Amino acid sequence: MTEHVAIQDSAEGVRLIRLDRPEKKNALTGAMYDAMREALAQADASDAIGAIVFAGAPGAFSAGNDIADFVAGARKPFTEAPALHFIRQLARTTTPMVAAVDGIAVGIGTTLTLHCDLVYASPAARFRMPFVELGLVPEAASSYLLPRRVGILKATEFLLLSQPFDADEALRLGLVNAIAPSDLLLDHALAQAERLAALPPGAVAATRRLIRGNQAEVEAALEAEAVAFEARLRSPEAQEAFGRFLGKTRTS
C-alpha cells in the first residue's frame, strides 16, 4: 500500500478506496495504481467485501496520471506499467463498484467511472479526457464503452476534442446516477454501496454480468488500446506534449 491511497473496510461489507494526495489533486503514481489494484483483487477474494467505493480527498477525485512519474516509468515497456495492471484489474473486478466524484476527474479519473456500477457526483465535478492533447489514445476500454453510453458523436467530442463536461451534463447523458452536495456525496455513495453489499451476492453477480454484456469485447478493446497507447507513448508528439506539460509545471 501507499500513504496516498487509504483503504478502509466497514462492518457493512464496503471497502472504501480513497485517493489522498490533495497537494497534487490526487494525480496517480505507479505506487498508487499498485495499491488500488491490490485493493480490488483482495476485495474480489474476500467474502466479507460486498461493494467498493472510489473517492478522492475532498475537492478533487483525480487529476489523472502524475505525468512526471508516468514519463519516468515509460522507460520500461507499457505492458509492465502499474497503470495498465490496474486497468486490467478494474475491468475484471467482480465486486460491485461505486464512484463518488467531487471536483476534477481527468483521464483515468473519468474512464475509471465507466467501469463502476453506480456513479455519484458533486456539483463541482468536472470530467475531462485529454488523451489526444497529450499525443496519446484513450485507455481503460473507454473508446469502446463511452460510445455505447453516449453515442459516437458525443464520444468523439469527449475523446478527440478533449471537451470537458460538468456534473449536469454527465447526469443528462447517463454517466452519473445523481448529483449530491459535496459534503453529503461520500455518505450517499457509501449508503448505496451498503445496499449493494446487503443483497444476495450470487444474484448480484449474475445480474451484473447480464447488465454488462460481453466482457471479452471490453477486454479486447482494452488490450487494443494498450498496444496503440504504447506506440503513441514513444511518439514525437507525445514526447513534445509531455515536455511542454513538465516545463509548465516546473515554472508555475
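The values are calculated or read from the model by the stated rules, or taken from the named source; none is laboratory data. Since this is a predicted model, take the numbers as computed values, not measurements. We place every Cβ from the backbone using ideal geometry, glycine too, and count neighbours over all the protein chains shown.
Couple of notes before you dig in:
- Unmet criterion (only one of (1) in a loop (DSSP other than H, G, I, E, B); (2) in contact with a Phe, Trp or Tyr (Cβ under 6 Å, 6 or more places away or on another chain)) for Ile17: (1)
- Inspection of the range 195-204 identifies at least one residue that is β-branched (Val, Ile, Thr), in contact with a Leu (Cβ under 9 Å, 6 or more places away or on another chain) and either at pLDDT 95 or above or loosely packed, with under 14 Cβ neighbours inside 10 Å (or both).
- Candidates Ala68, Ala6, Ala43, filtered to the one that is touching a strand residue (DSSP E or B) at 6+ places or on another chain (Cβ under 7 Å) and part of a helix (DSSP H, G or I): Ala43
- Where helices (runs of 4 or more DSSP H) fall wholly inside the range 194-252, the ranges with 2 or more residues that are within 15 Å of His115 (Cβ to Cβ) and out of contact with any Ser or Thr (no Cβ under 8 Å at 6 or more places or on another chain) are 201-212, 215-233.
- Residue pairs meeting the criteria (Cβ under 7 Å; at least 6 apart or on separate chains; first at pLDDT 85 or above, in the range 238-252; second among the charged types (D, E, K, R)): Ala238/Arg232; Ala241/Glu133
- Residue count for the range 98-131, restricted to those that are part of a helix (DSSP H, G or I) and touching a strand residue (DSSP E or B) at 6+ places or on another chain (Cβ under 8 Å): 6
- Only listed residue being within 11 Å of the chain's Cα centre (by Cα), under 20 Å from Met129 (Cα atoms), touching a residue at least 60 places away in the same chain (Cβ under 8 Å) and crowded, with 22+ Cβ neighbours inside 10 Å, chosen from Ala63, Ala105, Ala55: Ala55
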